[in-house]
Every structure is written in C-alpha cells, then in structure tokens.
Amino acid sequence: MRHLLALSIGLACAGSAFAVTEIEWWHAMGGETEDSLNKIVDDFNASQSDYKVKAVNKGSYPETMTAAISAFRAKQQPEIVQVYEVGTGTMMAADGAVYPVEDLMKEHGKALDHDRFLPAVISYYQTPEGKLLSMPFNSSSPVMWYNRDALKKAGIAEAPKTWGELEEAGKKLREAGYECGYSVGYPSWVLIENYSAWNNIPLSTQENGFKGTDAVLEFNNDHVKNRLQKIKDGGNFEYGGRAGDSLPLFINQKCPIWMNSSAYYGSMVGQADFDFAQAMLPYDEEVVSEPQNSIIGGASLWVLQGHTPEEYEATAAFLDFLSQPEMQARWHQETGYVPITTAAYELSKEQGFYDENPGTDTAIHQLSLNQPTPNSRGLRFGNFVQIRDIIDGEMENIWNGNKDASAAMDDAAKAANNQLRQFERANKK
C-alpha cells in the first residue's frame, strides 16, 4: 500500500512537472537591469505552477535582434524577443514572423485596454489603425543628468533650460576647472531624433515614417545644422563615443552635464560619488518658445510565430503579469525606465518614490508634456539600425573637424535615404 501511495504521488508529481509549459524570453539587459528583469521572471514563475519563463541574455540590442532573425529562419525562435525601438519598422515589415500582441492577448482572454498605457509609449508600437504590435517594456527618454555639486561650485543656480543657457553653463563649468561642460550618449537619439521632436521639427516626410515607407529623411535642415555647428564651435562639448560610452565622462566628473537615457538611474545610484540630479532636455530658443515632447527609446517585446497554443497561452499570461502596476512600478523605480502604464506611475507616487527621489519622474513629464504631434509621436523607419550608424558616423566627422555640420548632415541624409529606398524596394507589396 505504501508503495502504491508512493507510486501515485510520484506519478502525480511527474504529471505536474510535464504539465508545465516553458517559454523563452530573449533579451539584451545586463548588469543591475538584468538583475531586476530576473526578479520579475522569478516572481512570475513562483506565482503559478502552469508556466515557466526562461530569460536568456543574447548580448546587445543588435545582437539580440540578429539572433532572433537567425533563429526564426532556423525554426528555433523564442516565444518572446526584446527589440530596441529602432528595430520597430523592420519588425513591422516581417510578415509571417510576428504575432501581434493585441491579437495574442485578445485570443487568450487577457484584457488590453489602450487607455492603461502612457500615450507616448503605446503610440510608438501601434499600426496606423491603432493595433498594438508589441508589448512596451523598457521605455525611456533622454534627460539632462547634472552634477549638482559642480553646478554649485561654478555658481550656476539651476539646470539650464535652453541651448543658450547650456552653452553658458558649459563655459562657467570650464572656468571653474572642469575639462568640459557637457557630453551626450546615443548622439543620434539625443541630438538629432529627440532634438527634432523636442523642438517640433519633422525628421522626415510622411509623419516621420508612420504614414508610409516612402518617407524621405530631412534632418539635414537648417535648425539641426545650426545647432550642431554651435555645439562644435562653442568648445564646451566633449564627445565620448556612441551608445553609453561617454558615461565615464560624467561619473569621473570631467563633464558635469550629460544628456542620455533616464534608464541610467541604476548606474548613477551605484557609481556616482557626488550629488546628481536630472532635468529636462534643453530646448532650442532659436526654434521654439517652449518644448514639445520627447520621444521614447528602449525596447518592446515582440511575440514570434511558430509555437503551440499552450506556449502562446503561457506567453499571454506572462505579458499580462508584466504589465501589472506592481511589476511596472518596481521595474521603473529600480532601473529608471518609465512605467508603461498610468497605474504604475500613480502607484509610484502613492509609494512616495518621487518624494524620496526628486526628479526621477523627469522622463515621464517630458513624454507627457504635450499631446504628441506628427513630429513628436515617434519614428517608424526600416533599416533604422543602419541609418543611426550613418548619422553617428557623420556626427563624428563634425566633432573631429573633418566636415562642417552642413556637409556632414547632407551626406548623412543622402546615405540614410538610400537605406530607406532599399528597405522600401525589399518590402514592396
């Protein structure tokens, strides 16, 4: 009898184990951010016994996207892949590879109320008809990080609000003994893409690509050229590389002002040995009298085709868990990414996070400053991974003195538009 009971228990346990549906989530998060991500996955796995999510780090954003494309061709794709925002246009064109999140959630009985999401976040990942294609996850926006101690030493009362004030602050900081006034990370994202949205300037025709793949990039306009040339000529800016490579200039107190993603909050807390804060990006007072709204960066979660109904059931359950206010509020507070839902933002306020950490809602205020215009809704371009590399390369020609801003931006626009036309031809229907 004891053996039969033991056998029954064993079989029951085995049956339970076999019933668990496992899915994979490929992502590009590292360091403290990966720790936060893994905590969410662990919490989901512990919250129920039907599904198990396996989080797999596939390297950088480009490496993760490339790995997912290769895996799909080999029929070894994960259920979920994290794709950075510049890959959105390419993913949208991948007919047959993507299971739209809106369809997934509806077909598996999960509510997906658009009004729950921050407008500037959800609009980035919707079709022109409003269907949500991928689940927003780690959205951010560039902000102005500043060394409060350095500004005080230089006699600067508050963070600059305009580009003119920024240049003046940079001059005072250098006079106070700092090697440079300011630097930036993700140069194209901050100085071209968000500069344009923040000052309500079109980056291209066709509403920045949202209305068609025949968009023509026109960031080589006089406003952009003028601002880049003034940055070069002012002598207060120091270039520190692409992506987040310039972070040490800020952390080591060489450049007391640094414009880059709000998602560096975790890095600042862990590394900055000085009093730091964040403020809104400067607007260009030669272009507008007040700023418009910034646009997001970061990434969203795409669901790939080719899996079983049970695996999609698990995927829908996990994405629903991920969007709950408690999860999003914790993710936001630990990483600096903005909460994707209004409820998570309100919960963070109720929990006193912004009172205890003043300025950590700067990115949210920037994104929500005004109703987005066709110039500030976001970007939707194919081959934008390659285009951003082209822009960054031509901006380096400006910083190195190889070209003036006018020639560099004209060359960048010509090469970038060639990329758009290639994408248009390859995806013509």
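The values are calculated or read from the model by the stated rules, or taken from the named source; none is laboratory data. Since the structure is predicted, the reported quantities are computational estimates derived from the model, not experimental observations. Note: ideal-geometry Cβ built from the backbone for every residue, glycine included; neighbour counts use all protein chains shown. Heavy atoms of the whole protein, side chains included, go into the accessibility calculation; ligands, DNA and RNA do not. Shrake-Rupley method; radii C 1.70, N 1.55, O 1.52, S 1.80 Å.
Observations on the structure shown:
- Out of 385, 338, one residue alone is within 16 Å of the chain's Cα centre (by Cα), of a type in the set (Val, Ile, Thr) and surrounded by 23 or more Cβ atoms within 10 Å (Cβ to Cβ). It is 338.
- Every residue from region 229-253 that is of a type outside the set (Ser, Thr, Tyr) and within 21 Å of the chain's Cα centre (by Cα): 240, 241, 242, 243, 244, 245, 247, 248, 250
- Test: residue 193 is under 27 Å from the mean Cα position of the chain (by Cα), farther than 26 Å from residue 274 by Cα and either open to solvent by less than 20 Å² (accessible area, probe 1.4 Å) or among the aliphatic types (A, V, I, L, M) (or both): yes
- Subset of region 288-331 (residues that are touching a residue at least 24 places away in the same chain (Cβ under 8 Å) and under 30 Å from residue 222 (Cα atoms)): 288, 291, 292, 293, 294, 295, 296, 297, 298
- Residues being open to solvent by less than 30 Å² (accessible area, probe 1.4 Å) and over 20 Å from the mean Cα position of the chain (by Cα) - total across region 74-92: 3
- Some residue of region 411-428 being assigned to a loop (DSSP other than H, G, I, E, B) and either farther than 22 Å from residue 222 by Cβ or of a type in the set (A, V, I, L, M, F, W, C) (or both): yes
- Members of region 120-130 found to be surrounded by fewer than 23 Cβ atoms within 10 Å (Cβ to Cβ) and of a type outside the set (Gly, Ala, Ser), listed by number: 122, 126, 127, 128, 129
- Helices (runs of 4 or more DSSP H) contained in region 210-282 and holding at least 3 residues more than 16 Å from residue 195 (Cβ to Cβ) and open to solvent by 30 Å² or more (accessible area, probe 1.4 Å): 265-271
- Index of the failed condition, residue 373 passing every other in (1) of a type in the set (Val, Ile, Thr); (2) at pLDDT below 95; (3) surrounded by 23 or more Cβ atoms within 10 Å (Cβ to Cβ): (3)
- Residues within region 97-119 that are over 24 Å from residue 140 (Cβ atoms), open to solvent by 50 Å² or more (accessible area, probe 1.4 Å) and in contact with a strand residue (DSSP E or B) (Cβ under 8 Å, 6 or more places away or on another chain), tallied: 0
- Filter result for the condition that a residue is farther than 18 Å from residue 142 by Cβ and open to solvent by 20 Å² or more (accessible area, probe 1.4 Å), over 365, 307: 307
- Which listed residue is under 27 Å from residue 99 (Cα atoms), open to solvent by 30 Å² or more (accessible area, probe 1.4 Å) and charged (D, E, K, R), from 350, 396, 326: 326
- Every condition in (1) at positive phi; (2) modelled with pLDDT of 95 or more holds for residue 130 except the one numbered (2).
- Residue within region 352-371 that is free of Cβ contacts under 8 Å to residues at least 40 places away in the same chain, under 25 Å from residue 277 (Cβ atoms) and among the polar types (S, T, N, Q) present: yes
- A single entry from 360, 373 fulfils the requirement of being over 22 Å from residue 146 (Cβ atoms) and part of a loop (DSSP other than H, G, I, E, B): 373.
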